[in-house]
Amino acid sequence: KEIIDTYFNTFKNVKAFIEDSISSAKQNGYAETLMGRRRYLRNIKSNNAVVSAFEESVAVNMQIQGTAADMIKIAMIKIHNELLKRKAKTKMVLQVHDELVFDAHKDELDEIRPLVKKVMEEALPLDVPIVVDTGIGENWLDAH
């Protein structure tokens, strides 16, 4: 309890964000991402404390995790279209949470690597910077 209280006293805007998210979800019956994608929360006003607490948690997480999911989807579409336009041999093969994995051809690395970084960083205009790191390896583990 002391750690949580200290955290919220230090980061007052976080507590306000959580409270505003829950209040908005209770009023509207849904939470939404920055892109406007909604998750309806039918049980947010439930008399069952466990059920309503779960829905409140979803209301807060939807805005953050849902927006992150929107961002990666937008980036994937833009990157895919750009690879097609360039007739690249490199292929996007996998998404793992906030990572994209490519089967990249060595002769295209100098062109594709900065493209992927730029598109991912600019997928959604935000007031905070998004920083994307890239790695190269024979497999996903080696690329980290």
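The values are calculated or read from the model by the stated rules, or taken from the named source; none is laboratory data. Keep in mind it's a predicted model, so treat the numbers as computed, not measured. Every residue, glycine as well, gets a Cβ built from its backbone with ideal geometry; the counts of neighbours run over all protein chains shown. Remember, those area values only see protein heavy atoms, side chains included, never the ligands or the DNA or RNA. Shrake-Rupley method; radii C 1.70, N 1.55, O 1.52, S 1.80 Å.
Before moving on, here are some points about what is shown:
- Of all residues in segment 52-80, those that are β-branched (Val, Ile, Thr) have Cβ atoms under 7 Å from Cβ atoms of residues that are in a helix (DSSP H, G or I) and open to solvent by less than 20 Å² (accessible area, probe 1.4 Å), 6 or more apart or on another chain, in VAL60/SER21; ILE79/VAL116.
- Some residue of segment 26-37 being under 27 Å from GLU138 (Cβ atoms), out of contact with any helix residue (DSSP H, G or I) (no Cβ under 7 Å at 6 or more places or on another chain) and among the basic types (Lys, Arg): no
- Scanning segment 119-129 for residues that are outside any helix (DSSP H, G or I) and surrounded by 14 or more Cβ atoms within 10 Å (Cβ to Cβ) turns up GLU122, ALA123, LEU124.
- Test: residue in segment 120-142 that is of a type in the set (Phe, Trp, Tyr) and at pLDDT 95 or above: no
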